[in-house]
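Asker: Please see the structure below; I have some questions.
The values are calculated or read from the model by the stated rules, or taken from the named source; none is laboratory data. Given the structure is predicted, the values throughout are model-derived calculations rather than measurements. For neighbour counting, all protein chains shown are included, and Cβ atoms are generated from backbone atoms with ideal geometry for every residue, glycine included.
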């Protein structure tokens, strides 16, 4: 009989190919679609978990279930300590193809060490073990990291649970730039304004956000240090300053400026120094994204309709990338450089699409009508985007095969401008 773990990993590979601001209302996440096959895994409660104010196990379970790839097998209320090898045959008989055992071991300094092991119940093998030190206040972060461990061992792909997202919430006339964990919890406000805030972009180290604020009655680009709340103006030229995108090493930003007339692409240092023009165009160039492949992808109407192009990050000649349809905008490259997510107009509807850069095959991933601002998870297997639902803006996420879908909302508010950040370090 084929090992279900190996089969599941093959299926997944085939299908998926301390902050200085105030707390705020949490995002609510609803799973609206799941994978065709869900892998049964048991996550019994960790030993000694009752000593903590919140459950680590609940975080692990919620992450894995929300991914759409796993189903949870209930083993009852008793823990399976990490130090004791469980009866894997019996667990297999109860429907679990994998089981995670864990203990929260008290340390002399008042902290704990989360010790856990993952087993394949059919092969009767241990798949891996880890020990993570933690304070009681870190229960959610450690839970996300444990879920990442399980996800990677069972799918062969990196997890994305110990990450953060940024987005803009509009309530009445007020705008808030907020940051939250990828599960919508621990949301906090980085900036409040009576003027619009748009285009948040994470630095590669996850410590800073670049964004555009209209607080001075014109679009100005800021870089915001999240730990301290300190902000720096990096682009305030004549005209519009917009669409910041970080270089992979965090030292530069690609931006759009109109200081010389039309919207054109420039690069500058993360401190605002060393401005240089990237391309010459008689059209409008906008929405840059600095890829890990050494290219900057952007939207331009230089060919007569909005399409996606790319140029070397050092500057040079532009190469057209999108060819299907007459409206393709907002490019975002996956971390491995294999997929390009963007917004395409399809029968009058604006939808998230993905282009396989090797095969040149484009797949439309959503069935909504007003999608915008796609952003990849760090592992390149989920795409966060904004859309409309019930007359207001919400955030949604879709897997790169279109099967797994989630919706993120804030009660009585309009949510837009999402950006998925890197792994929390």
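Asker: Which is farther than 30 Å from residue 76 by Cβ and outside the structural domain of residue 387 (by TED's automatic domain parsing), of 180, 108, 147?
Answerer: From the options 180, 108, 147, the qualifying one is 108.
Asker: If a residue has to be outside any loop (DSSP other than H, G, I, E, B) and under 19 Å from residue 150 (Cβ atoms) to count, how many in the stretch 80-111 make the cut?
Answerer: Qualifying residue count for the region: 10.
Asker: Does the stretch 12-26 contain any residue that is modelled with pLDDT of 85 or more, over 30 Å from residue 231 (Cβ atoms) and surrounded by fewer than 19 Cβ atoms within 10 Å (Cβ to Cβ)?
Answerer: Scanning the stretch 12-26, I find no residue that is modelled with pLDDT of 85 or more, over 30 Å from residue 231 (Cβ atoms) and surrounded by fewer than 19 Cβ atoms within 10 Å (Cβ to Cβ), so the answer is no.
Asker: Tell me the residue from 95, 128 that is out of contact with any helix residue (DSSP H, G or I) (no Cβ under 8 Å at 6 or more places or on another chain), on the phi > 0 side of the Ramachandran plot and at pLDDT 95 or above, please.
Answerer: Answer to the check: 95.
Asker: If you don't mind, there's one more thing I want to ask. Collect the residues in the stretch 35-56 that are in a loop (DSSP other than H, G, I, E, B) and farther than 22 Å from residue 404 by Cβ, keeping them in residue-number order.
Answerer: Result: 44, 45, 46, 48, 52, 53, 54, 55.
Asker: If you don't mind, another one. Would the stretch 170-180 turn up any residue that is at pLDDT 95 or above, over 30 Å from residue 398 (Cβ atoms) and crowded, with 22+ Cβ neighbours inside 10 Å?
Answerer: No; the residues of the stretch 170-180 include none that is at pLDDT 95 or above, over 30 Å from residue 398 (Cβ atoms) and crowded, with 22+ Cβ neighbours inside 10 Å.
Asker: Does residue 78 satisfy the condition of being out of contact with any helix residue (DSSP H, G or I) (no Cβ under 8 Å at 6 or more places or on another chain) and either buried (at least 21 other Cβ atoms within 10 Å of the Cβ) or at pLDDT below 95 (or both)?
Answerer: yes
Asker: Please verify whether the stretch 234-245 includes one or more residues that are surrounded by 14 or more Cβ atoms within 10 Å (Cβ to Cβ), within 18 Å of residue 312 (Cβ to Cβ) and in contact with a strand residue (DSSP E or B) (Cβ under 7 Å, 6 or more places away or on another chain).
Answerer: yes
Asker: Turning to a different aspect of this structure: Does the stretch 307-317 contain at least one residue that is at pLDDT 95 or above, surrounded by 15 or more Cβ atoms within 10 Å (Cβ to Cβ) and part of a loop (DSSP other than H, G, I, E, B)?
Answerer: Taking every residue of the stretch 307-317 in turn, at least one turns out to be at pLDDT 95 or above, surrounded by 15 or more Cβ atoms within 10 Å (Cβ to Cβ) and part of a loop (DSSP other than H, G, I, E, B).
Asker: A follow-up question, please. Test residue 59 against the stated conditions and say whether it is modelled with pLDDT of 65 or more, assigned to a helix (DSSP H, G or I), in contact with a helix residue (DSSP H, G or I) (Cβ under 7 Å, 6 or more places away or on another chain) and not assigned by TED's automatic domain parsing to the domain that holds residue 225.
Answerer: Spelling it out, residue 59 is indeed modelled with pLDDT of 65 or more, assigned to a helix (DSSP H, G or I), in contact with a helix residue (DSSP H, G or I) (Cβ under 7 Å, 6 or more places away or on another chain) and not assigned by TED's automatic domain parsing to the domain that holds residue 225.
Asker: Right, something else. Where residues in the stretch 292-305 are surrounded by 22 or more Cβ atoms within 10 Å (Cβ to Cβ) and under 21 Å from the mean Cα position of the chain (by Cα), which of them is farthest from residue 323 (Cα to Cα)?
Answerer: Selected residue: 296.
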